[in-house]
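As structure tokens, the structure follows; a few thoughts come after it.
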Amino acid sequence: MKQDSDLRNNLKSIRTRLGMSQQDLANIASVTRQTISGVESGLYAPSVAITLRLAKALGCQVEDLFWLERDLPEIEAVLAKPVPNGQQLRVSVARVGGQWIAYPLIGKDAFRQDMIPADGESTSLTGTNKVRVRLLDDNLETLHNTVVIAGCAPVISLWARATERWHPQLRVQYNFANSMAALHSLCRGEAHIAGMHLYDPETGEYNTPFVRDVLAGREAVLITLGVWEEGLLLKSGNPMGIRTVTDLVAGGATIVNREIGSGSRMLLEQTLQKEQIPFDAVQGFDNILKTHQDVAQAVVRGVADAGISTASVATAFGLGFIPLHRSRYDLVILKEYLEEAPVQQLLSTLGHRMVHSQFEILGGYDISKIGEVVATV
């Protein structure tokens, strides 16, 4: 069939993430390599039979591979709270009282801080580090189908919620941890996946040197979630005229910092060292907060003049932002977990258009390499 200008596909991203060449996929789906090339480039709209064979060959649904751009609906909704006129918003939507309500995802409303439902109640076993858990539900399948991610990127929760929509039987448990803490959690067997964004200026590498050091010979793969902009969060309008970390010191600005092991703290320290600025010359250097959201809230409330975080967090809180570095955020997965069905289901969604859309409208992320294996150790 000839090209359909409204037809979009994820064929290449899903195929390459599974380590398949065009010829490999063509052989399994009983089509020519030229057909695969034409579909991936958008020059060829496949027949129903071919789309079904491609989906079966890749172990996914047809809707995960193909969609029509014009199929996305539009609705009218009432804003739940006032916002500046003309501002483009991320929103969640619900039907309430016969009308659509749009809830702006701005500031604290962009992050979920609900109390987490318990799976059970535990009692300690004397003399050990183990507990006995009385489950509150007899559905063990849910527990078996839980993937645990340790990390600090707020977008992980977006990815998790989108994944659970396509795979209702899959549950994603997101445990907050800075980059080094997440990596150690993975090493201790407390998580399937660790998210991290650490840069080694000596080698010019992201994450890999730290993974080699902590895992000490255990085999793992690093899969990219995206490249995000890191820098200084500032009050809206930048009233102090801060452009560099040197300006922080010269202007007597107060900052909030992150804990040891976080990528944000490492970036601040590396930047100060590059500018030959002593750590103790920066007011608030020892004022430690635990999350990107906490840093942003401190600046919003006037507790601090600046802090290190990401462009997307700055946008969510309506803050100014000075970029300092582009950092690759990777997912570190032990090879022994890669064959587990829940982990495979979760990773398969990295090529889905809804995940891409969530990241793109958030801003501050380059997802052109999302889902690619960037290193093995």
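For the stretch 216-227, the set of residues classified as assigned to a strand (DSSP E or B) and over 17 Å from residue 325 (Cβ atoms) consists of 220, 221, 222, 223, listed by residue number. Residue 316 fulfils the conditions (1) in contact with a strand residue (DSSP E or B) (Cβ under 9 Å, 6 or more places away or on another chain); (2) buried (at least 19 other Cβ atoms within 10 Å of the Cβ) except for a single criterion, (1). Within the stretch 182-210, the set of residues being buried (at least 23 other Cβ atoms within 10 Å of the Cβ), under 21 Å from residue 340 (Cβ atoms) and in contact with a helix residue (DSSP H, G or I) (Cβ under 9 Å, 6 or more places away or on another chain) comprises 183, 186, 191, 192, 193, 194, 195, 196. Condition (residue is among the acidic types (Asp, Glu), surrounded by 12 or more Cβ atoms within 10 Å (Cβ to Cβ) and at pLDDT 90 or above) applied to the stretch 34-52: is it met by at least one residue? No, there is no match, as no residue in the stretch 34-52 is among the acidic types (Asp, Glu), surrounded by 12 or more Cβ atoms within 10 Å (Cβ to Cβ) and at pLDDT 90 or above. Please indicate, with yes or no, whether at least one residue in the stretch 195-208 is outside any helix (DSSP H, G or I), within 16 Å of residue 376 (Cα to Cα) and over 19 Å from the mean Cα position of the chain (by Cα). Yes, the stretch 195-208 contains at least one residue that is outside any helix (DSSP H, G or I), within 16 Å of residue 376 (Cα to Cα) and over 19 Å from the mean Cα position of the chain (by Cα). Inside the stretch 221-236, residues that are more than 30 Å from residue 13 (Cα to Cα) and modelled with pLDDT under 90 make up a count of 1.
Just so you know, in the stretch 56-78 the residues that are modelled with pLDDT of 80 or more and over 30 Å from residue 339 (Cα atoms) include one that is surrounded by the fewest Cβ atoms within 10 Å (Cβ to Cβ), and it is 78.
Each residue in the stretch 149-166 was checked for being among the hydroxyl-bearing types (Ser, Thr, Tyr) and buried (at least 21 other Cβ atoms within 10 Å of the Cβ), and 1 of them qualify. Return yes or no: is residue 153 part of a loop (DSSP other than H, G, I, E, B), touching a Leu at 6+ places or on another chain (Cβ under 9 Å) and at pLDDT 80 or above? The answer is yes for residue 153.
In the condition set (1) surrounded by fewer than 20 Cβ atoms within 10 Å (Cβ to Cβ); (2) among the polar types (S, T, N, Q); (3) more than 25 Å from residue 352 (Cα to Cα), residue 179 is compliant with all but (1). When the test is whether a residue is in the same structural domain as residue 344 (by TED's automatic domain parsing), of a type in the set (Asp, Glu), part of a strand (DSSP E or B) and within 17 Å of the chain's Cα centre (by Cα), residue 230 passes it.
Remark: pairs (first residue in the stretch 247-268, touching a residue at least 40 places away in the same chain (Cβ under 8 Å); second residue among the charged types (D, E, K, R) and in a helix (DSSP H, G or I); Cβ separation under 9 Å; 6+ apart in sequence or on different chains) = 253/247; 256/294; 257/265; 258/265; 258/294; 259/265. Counting only residues that are in contact (Cβ under 8 Å) with a residue 24 or more places away in the chain and farther than 21 Å from residue 261 by Cβ, the stretch 205-222 holds 2 of them. Given the condition out of contact with any strand residue (DSSP E or B) (no Cβ under 7 Å at 6 or more places or on another chain), among the hydrophobic types (A, V, I, L, M, F, W, C) and in a helix (DSSP H, G or I), answer yes or no: does some residue in the stretch 8-15 qualify? Yes, that holds for at least one residue. Of the residues making up the stretch 14-30, those that are modelled with pLDDT of 80 or more and surrounded by 19 or more Cβ atoms within 10 Å (Cβ to Cβ) are 14, 15, 22, 25, 26, 29.
When each of 313, 300 is tested for being out of contact with any Phe, Trp or Tyr (no Cβ under 6 Å at 6 or more places or on another chain), closer than 30 Å to residue 269 by Cβ and hydrophobic (A, V, I, L, M, F, W, C), the lone residue that passes is 313. Taking only pairs six or more apart or across chains, which ones have beta-carbon atoms under 9 Å, a first residue in the stretch 293-308 that is of a type in the set (Asp, Glu), and a second residue that is assigned to a helix (DSSP H, G or I)? As it stands, the answer is 305/248; 305/299, since those pairs meet every condition given.
The values are calculated or read from the model by the stated rules, or taken from the named source; none is laboratory data. Keep in mind it's a predicted model, so treat the numbers as computed, not measured. With ideal geometry, Cβ positions are generated from the backbone for all residues, glycine too; neighbour counts draw on all protein chains shown.
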